[in-house]
Amino acid sequence: MTTSLHDRSILKLVTPFLMLAPNLADAHAGIGAASGWAHGMLHPFSGLDHLCAMIAVGLWAKQMDGRAVWLVPLTFVSVMALGGLLGMNGIQIPYAESGILMSLLVLGVLIAAAIRLPLAASAATVGIFALCHGYAHGIEMPRNASGMSYALGFMLSTVTLHMAGIGMAALLAIAGRPQWLRLAGASIALFGGALYFSS
């Protein structure tokens, strides 16, 4: 069976993003040796839970289109910074890890079902999950790291991944493959559900 030119182009786009994740393990096994701006940049790439969630925000934002394209990612990054600040200061957010896994499940279902919530509800949805993701980033920052540089690093990575998601969704729309976007959402939801129910 042969693949079309559109399909091959999309595969070439998606493959590098899949290779960014060094392993399939959860990113939150412990504090580790990460410090500073560069390690803040790398942290969102350190596990598929973060990677998929950040890309999913971009996919969903572009799927909704309009003001959601910029407002949903902006809300995520802003609230994530607040969550990071709470984590850095040792302020506990209960069930943050569950919130991270639920973000994959919920965002994946929203994409798979092509659900377009009102703008305020969309922002609130990603905001809740962003708080959990930011908290995980913040609490895993080593004591000897600069909080500001570490935060700027993971925020920049998050913006990059949101833009990647928006770009992928836009290319799929141009290629006339909206079903691939929904399939991506279903895959993210299944991955999140598997992590959630196995944890």
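Values in this text are rule-based calculations from the coordinates and carry no lab data. Keep in mind the model is a prediction, meaning the values are calculated, not measured. Backbone-built Cβ (ideal geometry, glycine too); neighbour counts: all protein chains shown.
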Cα gyration tensor category, rounded, prolate or oblate, for the range 131-199 with a/c compared to 1.5:
oblate
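All other residues with a Cβ under 15 Å from the Cβ of residue 63 taken together, and with Lys, Arg as +1 and Asp, Glu as -1, what is their net charge?
Summing Lys and Arg as +1 and Asp and Glu as -1 gives +4.
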Can you give the Rg and Dmax of the range 73-134 based on its C-alpha atoms, in angstrom?
12.0, 38
Can you give the translational diffusion coefficient of the range 75-174 in µm²/s, computed by Stokes-Einstein from the Kirkwood radius over Cα pairs at 20 °C and 1.002 mPa s?
149
